[in-house]
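The values are calculated or read from the model by the stated rules, or taken from the named source; none is laboratory data. Because the structure is a prediction, the values reported are computed rather than measured. As a convention, Cβ positions derive from the backbone with ideal geometry for all residues, glycine included, and neighbour counts pool all protein chains shown. These accessible areas exclude ligands, DNA and RNA; they are computed on the full protein's heavy atoms, side chains included. Shrake-Rupley method; radii C 1.70, N 1.55, O 1.52, S 1.80 Å.
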Amino acid sequence: MSVIFIMIPVALLLAGAAAVAFGRSVLSGQYDDLSGPAVRMLDDDVSDVTPPNCP
Amino acid sequence: MTNATHNLGILRDHEAHGGSGGHGGSKGCGCGCSGKKKEVAVPLNVQPAAKKPCCCGGSCSARAIAQDMQAQREAAKRTEVVEAERSQQSQAVPAERHDFSEFDDAAFQERYVRVAGAGTREVDLFVPGVHCASCLRVIERLPSLLPGVVSASLDLSRKILRVRWSQERQSLSAIAAYLGSMGYPPSPAYRAASEDARVRDDRRQLVRLGVAGLCAGNVMLISFALYGGQFEGMDDVTAQLMRYLSLAFTLVCLAWPGAIFFRGAWHALRARTVTMDVPITLGLFAAFAWSTIATIARTTESGVTAADIYFDSLSMLTFFLLIGRFVQHRQQRRAQDSIELLFSLTPASARVVESLSTGEERTSKRPTSSLRVGEVVEVLPGDVVPADGVLCRGSSQFNTAILTGESMPTTLAEGDTLAAGVTNLSRPVRVRVTATGIDTRVGQLMKLVAEHSSRRAPIVLLADKLALYFLISMLFLAGVTVAIWWHAGPAHAILNAIALLIVSCPCGLGLATPMAMTVALGKAAKQRLLIKGGSAIQVLAHAADGKGTFCFDKTGTLTQGRLRLTAWTGDESTKPFLAALESQSPHPIAAALARDLGVSSANKGTNASVNSISTIGGGICGSVRLGGAQAQPSADIAAGTERFLLSQGVAIDARWTHEAQRLATQGWSPILVARDGKVVAVAALGDPVREEAKDLVHHLTNRGANVVILSGDHPHVVRGIALQLGVPEENAHGHVAPEAKAQFIEDSRARQPDRKFVMVGDGVNDAAALAAADVGIAVHGGAEASLAAADVYCADAGLTPLRHLLDGSTQTMRTVRLALGVSLFYNVVASALSMAGYVSPLLAAVLMPVASISTVAVAMMSWRLPADSNRQDKANENLDPEDGACPSFSS
């Protein structure tokens, strides 16, 4: 059963990392426009495309 | 119609000019974005894609352009000269009718442009022309097409293009002109001062939802382990570790995302009301306190059963409730966004006439916001007067619908005063500015709108009305539970009371309304009905149920909003003569007559010859010969008002005078038609009632609602319309000024406080009334001001959408009640079980999602409409709206 004392902190760390990643992605504006990126990826010439810039 | 329609018309003109006109030559298709674009975007001799006839309203030609650009890029790789040539080309985009020069003005830049790092600026542009993926691809290529543009990113759903460019290398007007030449004429995006704060708030809300979900998920996992441990056996240390873990997660969940309920409850209590937040907070708080004590007490071995912790239910509850809030919030934002976008359609520039020291005059385009009192502006036909002023040169006809809502044009001469927003119809004039911006009549009207909107009493949602009773019964039942179980020991009694509080926590109740409303708002948006908030649905359902008064604007709302020939009595053979004569005049009345008398463009010039024509105030006269110079004799035709004909020396029979009067009492404007000095016919002109208006009025009165007409038009006309629609005469009010419309609603409400007032209108003159009413509905073609003031915007023409709106609202409220009923039923069952002592945390954890899911399932059924309207809806989706100004709301 002692394995759980390792697994739980690991799980917590993972959950925390996911939360931080999610928070960062939201706060950087990745969820502001939900229809544009879906279309943007259809463009094959990546070099011309500018990433969405955010305030 | 109203001013906005004209604005839109002008914009559409721009689009047409920027798109398919321009360079002559390549007129590809009618979708307004192909022709010149191909020339600009393909400066080399790269063969553009085959010009197929286009019918998809933009996207297929955009695709063609994308293909062209692909070819162009390949060509670019071949030769270096390309770059130079391309930039040359782009610089050489000619200044057309709209040259966007106001984009370079200091005042414009100050207002809309932000500095984004060294030497680069940033601006948000509204590009109504974008429709699809291809448009996005084309537009986002801007940096590679135009030197000096650093980046361009398009928000497809809001149609906002954010451009960052280097000030030294490129001017904004050139960028705008380039976009215009590509078929995407931009206008500055209206940007609320609170925009940034709003975006940040949206994001924070999403983060909160994510955190709540993460906590809830983890707590659920842990409780699975704990429940498993209850049956299979789990050693104490591990179980206790699990409990502390879920305590930690729940603490995070409540302290961060869940705090909005506590705050809401606190605000409500301070305002001495009870909203749903209060029972939610009570349940959450009690359960959390108990569970925490139980977790800690277990370690101190004081005899409380540690199995009775509710962390899983708690975090799940928070998550579910947050989902409801988030979805609701998002939906409302979307509707607001669409309405904000329509703001940007106001023409932002004026042609200012300046006298140079050499005595010459120079006209320059400047943003309207930089106009000063005393300056002289030139207003071309089709343009909108940018500020209040006095006509100082020329005379012309004006559409004053913005203030009167009237469809008949007004003739104004030198010395007359003009209001901002009025559209010039016939000749270029000059206007000396007397008031600008907020000081104009329209500006004052807008101020009135803002005042009314802020004064409007908030509508108590059905769920919140229930909250107080809910809270009382919860507390009462909890007290009863404690009393019943006191004999079994205080700990046990409190445990059961806590169980009651948590299982009866109004999760379903909290979800039912937002979910049903959100589903309704979404489905309504698909039908191109934009509703700003759920409260509008509730009030509409209430009002349509016979407990409301519907006030209608006349012109453009109940009527079609444009002049038509409505009756013709007398000599039929004179019709072609009159039509030929009227087709020579640009006057709106003449245009309407020529159109409705059936003059096709074919026989307009060829068969008829008009020898002399004179138009003096009130009529037109001239001699007309039909069918060339052959046998047909020429006829002297005169048409106009009685006074006009008398002045022309025409004898008028009493019969015709009577006929004219009869038509006038019906609300039409009679026009006497004389042939060779004798009156032979009477034509009636008017703004005919929409076909569906009568049905709607009938439907409303049948259900017990009052129908009132408020119009700025002549009382005669209004009475005539009321007669046709079956509206009682005392409810038809004419000559109502914009301010008086709002006043009327305020007064009526003061008299009948329990009635709900719904205002339906389209013009700026209705804006104040729209804001004053409980629910304001702006119908298709409405001015942007009315859109801002309204709670609902119907993007499709006619009154049929209004009918859908009322039916949908009624149906939605029925669904909301059903959903509330289902969730209350669960609460009653759960309360009974917990009072009987049967509820364990496991049962609570099962009951709650079941209750929530069934409530949501019921709520999904809201806004169901008959099959035929759905079919029509689909047809609308495929059909690109003719007016590019109305972005497709269905996205």
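If you sort B:Tyr826, A:Tyr31, B:Tyr227, B:Tyr178 by accessible surface, 1.4 Å probe, largest first, the order is A:Tyr31, B:Tyr826, B:Tyr227, B:Tyr178. Take B:Asp807: with every protein chain present and a 1.4 Å probe, its accessible area is about 50 Å². The H on the amide N of B:Trp863, modeled in the peptide plane, is under 5 Å from the matching H of B:Thr812, each at least 5 residues off or on a different chain. Taking other residues whose beta carbon is less than 10 angstrom from the beta carbon of B:Gly798, and scoring Lys, Arg as +1 and Asp, Glu as -1, yields -1. The figure for B:Lys694 is an accessible area of roughly 110 square angstrom, using a 1.4 Å probe on the protein chains alone.
Cα-Cα over 22 Å: which of B:Lys575/B:Lys694; B:Lys547/B:Lys694; B:Lys547/B:Lys741; B:Lys554/B:Lys741; B:Lys526/B:Lys741?
B:Lys575/B:Lys694; B:Lys526/B:Lys741
Per residue of peptide A:6-15, the mean number of Cβ atoms on other chains within 10 Å of the residue Cβ is 2.
Surface composition of the stretch B:474-539: carbon plus sulfur atoms hold 76% of the accessible area, using a 1.4 angstrom probe and ignoring ligands, DNA and RNA.
Using a 1.4 Å probe over protein heavy atoms, the accessible area lost on pairing B with A, summed over both chains, comes to approximately 2700 Å². In terms of packing, defined here as the mean over residues of other Cβ atoms within 10 angstrom, the peptides B:814-822, B:266-274 line up highest first as B:814-822, B:266-274. To put it simply, the accessible area of the stretch B:172-264 at a 1.4 Å probe is 65 percent carbon and sulfur. A dipole drawn for the stretch B:474-592 from +1 and -1 charges on Cβ atoms has a positive end, and of B:Trp486, B:Thr559, B:Ile531 the residue lying farthest that way is B:Trp486. Across all C-alpha atoms in the stretch B:618-736, the radius of gyration and Dmax reach 19.1, 64 Å. Across the protein chains, with a 1.4 Å probe defining accessible surface, the residues A:Leu12, B:Leu530 rank A:Leu12, B:Leu530 from largest area downward.
Using a probe of 1.4 Å on the protein chains alone, the accessible area found for B:Glu360 is around 110 Å². For the segment A:25-35, counting C-beta atoms of other chains within 10 Å of every residue's C-beta and taking the mean gives 5.
Spatially, the stretch B:845-864 and the stretch B:227-293 are offset by 22 Å when compared through their Cα centroids.
If the chain linking B:Gln661 and B:His699 were pulled fully straight, counting 0.36 nm for each residue of separation and taking away their Cα-Cα distance, it would gain 10.5 nm. A simple charge model with +1 on the Cβ of Lys and Arg, -1 on the Cβ of Asp and Glu and nothing else charged puts the dipole of the stretch B:681-750 at about 120 debye relative to its Cα centre. For B:Thr559, the residues whose modelled amide H falls within less than 5 Å of its own, excluding neighbours fewer than 5 places apart on the same chain, are B:Arg690. How big is Rg to Rh over the stretch B:649-693, alpha-carbon atoms, Rh as the Kirkwood inverse-mean-distance radius? With Rg and the Kirkwood Rh in hand, the quotient comes to 1.10. Remark: spin-label model distance B:Leu842-B:Tyr244 equals 2.6 nm, labels positioned 7 Å along the Cα→Cβ axis.
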